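The values are calculated or read from the model by the stated rules, or taken from the named source; none is laboratory data. None of these values were measured; they are calculated from a predicted model. Counting neighbours? That spans all protein chains shown, and the Cβs are built from the backbone with ideal geometry, glycine included.
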Amino acid sequence: MTAAVASVATAPARGRAVAVRGRSIPVVGPSRRDPRLWLSAVIMTLHVLGQTVLGFKVSIAQILVTIAVGALVDAVMTWRHQHVLVWPASGVLTGSGVAFILRANGTDHGDWWSLNGIHFFMIAVLLALLSKYLVRPGGRHLFNPSNVGLVWALLVIGPAHVFPQYLWWGPNDAGVAVSYGVILVGAFFILRRVRMVAMVLSFMIPYTALVGAFALAGRSFIAIWHDGPVSGASYWFNVALSPEVLVFVFFMMSDPQTAPRSRVGRMLYGSATALVAAGLLFFQPTEFGIKLAILSSLTVVCAGVPLMEALARRIEGPAVDLAAVPSAPAPRPLPTRVGAALRKPAVAAAAIIAVAAPLNTAALAGNDQLILIERGLAGDANQ
């Protein structure tokens, strides 16, 4: 979720500054024109619904601490790089997004001020923001921060301690209906503003079709909230159209800072994420594995965004008169260029993240302990 909408310029408004020991420090506050305020409103509304009518297993204290840590880290890192006091919109969204999806085993709905597993939330938000500021091949952060933080927290900490928010949002039909309304209204205002409607369609059309084919082929999954396997129409609806999936597509994938910038590039990005997500989730027998497959697909595809942008330029670019172009030196062989790139720490870190996330997610399909957890048979590890 993080910066799921365009960042505002970091240059301070004219005359806005604070004086500290005789030094004038520029200050950038929140702007009503910043679409991130819309996104914050949507996610906070869903948090409120989760605490009141949807039975989310996350406490108010866990949410507030995670947001505070995200805001603090973002503000400090921005100050370190720019020497400007900036409203930490990205940090607030990162913390809110992590707390919206991550859950600590043993936290029940109604434990309003529980700090159970708060260190897991803090680790996730720290990983998220460090990826934003440290993994920057080409000077631009490559991965969606909250996505990376969640994927690595869930994979490394593991299902014995943490789990993602359920695909099923509970039996309160009125609450679920209101949630769909909030998500769709928020998407209407945000996606048009950041020009991501085509990207969403390029994801949803192949993704829902593939998940439907999986359901027809007899695929199913085990979830702790359901007696017996989830299959048939329920499989399709929960995996393709769960509110959790819509939040992922509308508000996490739509980050303009990590998605391609051109329309064609964004359509390639949406389609590629759909195909990777479907490929990773097909063999998963548990809800935990399916949710990780969906989240990991974005991690993989974000790593390929520079290639998508290059391909989009080839597709969209005007024809070039080769006779009028001066000759250029022959490019170095591809293995040489790849080797040189991988020697750069940021590129090497990005490659490790992009490869390890899907491999570890695929390995969940053979995790017998995870099946016991989803069946409620793993004692203290129950979600």
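The table below lists the values:
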read-out	value
Those residues of the range 187-206 which are under 19 Å from the mean Cα position of the chain (by Cα) and over 13 Å from Phe250 (Cβ atoms), in sequence order	Arg195, Ala198, Ser202
Per-region count, the range 162-186, residues under 19 Å from Ile43 (Cβ atoms) and either part of a helix (DSSP H, G or I) or within 17 Å of the chain's Cα centre (by Cα) (or both)	16
Filter result (in a helix (DSSP H, G or I) and either surrounded by fewer than 21 Cβ atoms within 10 Å (Cβ to Cβ) or more than 18 Å from the chain's Cα centre (by Cα) (or both)) within the range 277-287	Gly279
Residues that are farther than 21 Å from His141 by Cα and surrounded by fewer than 24 Cβ atoms within 10 Å (Cβ to Cβ), drawn from the range 64-99	Leu64, Val65, Ala68
Residues located in the range 56-69, provided they are touching a His at 6+ places or on another chain (Cβ under 7 Å) and more than 14 Å from Glu244 (Cβ to Cβ)	Ile63
Any hit, the range 136-154, residues being more than 17 Å from the chain's Cα centre (by Cα), aliphatic (A, V, I, L, M) and over 24 Å from Gly265 (Cα atoms)	no
Long-range neighbours under 9 Å by Cβ, at least six apart or interchain, first residue within 12 Å of Gln51 (Cα to Cα) and in contact (Cβ under 8 Å) with a residue 60 or more places away in the chain within the range 99-120, second part of a loop (DSSP other than H, G, I, E, B) and not small (Gly, Ala, Ser)	Phe100/Met1; Phe100/Phe56; Phe100/Val58; Phe100/Gln165
Selected residue [small (Gly, Ala, Ser) and either under 30 Å from Asn367 (Cα atoms) or at pLDDT below 90 (or both)] from Ala303, Ala312	Ala303
Tally of residues being within 24 Å of Arg36 (Cα to Cα) and β-branched (Val, Ile, Thr) across the range 131-175	3
Residue under evaluation Glu244, criteria (1) touching a strand residue (DSSP E or B) at 6+ places or on another chain (Cβ under 9 Å); (2) of a type outside the set (A, V, I, L, M, F, W, C); (3) without any contact (Cβ under 8 Å) to a residue 12 or more places away in the chain, criterion not met	(3)
Members of the range 73-88 found to be part of a helix (DSSP H, G or I) and closer than 19 Å to Leu126 by Cβ, listed by number	Val73, Asp74, Ala75, Val76, Met77, Thr78, Trp79, Arg80, His81
Cβ pairs under 6 Å, 6+ apart, first in the range 290-318 and over 24 Å from Val239 (Cβ atoms), second crowded, with 18+ Cβ neighbours inside 10 Å and among the aromatic types (Phe, Trp, Tyr)	Met308/Tyr269
Qualifying position, being out of contact with any Lys or Arg (no Cβ under 7 Å at 6 or more places or on another chain), within 29 Å of Ile224 (Cβ to Cβ) and either in contact (Cβ under 8 Å) with a residue 60 or more places away in the chain or not small (Gly, Ala, Ser) (or both), among Leu72, Leu85, Leu93, Leu127	Leu127
Filter result for the condition that a residue is of a type outside the set (Phe, Trp, Tyr), buried (at least 18 other Cβ atoms within 10 Å of the Cβ) and part of a helix (DSSP H, G or I), over Ala233, Ala198, Ala240, Ala209	Ala240
Scan of the range 132-161 for residues that are assigned to a helix (DSSP H, G or I) and small (Gly, Ala, Ser), ordered by number	Gly138, Gly139, Ser146, Gly149, Ala153
Pair list, Cβ under 7 Å, 6 or more apart: the range 178-202 residue more than 20 Å from Val48 (Cα to Cα), other residue of a type in the set (Val, Ile, Thr) and at pLDDT 95 or above	Leu191/Val197; Leu191/Val200; Val200/Val249
Filtered residues of the range 27-37 (kept if assigned to a helix (DSSP H, G or I) and surrounded by fewer than 19 Cβ atoms within 10 Å (Cβ to Cβ))	Leu37
Total residues in the range 170-190, condition hydrophobic (A, V, I, L, M, F, W, C), modelled with pLDDT of 95 or more and surrounded by 15 or more Cβ atoms within 10 Å (Cβ to Cβ)	5
Selection status of Leu295, closer than 16 Å to Phe143 by Cβ and either at pLDDT 95 or above or in contact with a Pro (Cβ under 9 Å, 6 or more places away or on another chain) (or both)	yes
Residues satisfying the stated conditions in the range 38-57, i.e. of a type in the set (A, V, I, L, M, F, W, C), touching a residue at least 40 places away in the same chain (Cβ under 8 Å) and closer than 23 Å to Leu191 by Cα	Trp38, Leu39, Ala41, Val42, Ile43, Met44, Leu46, Leu49
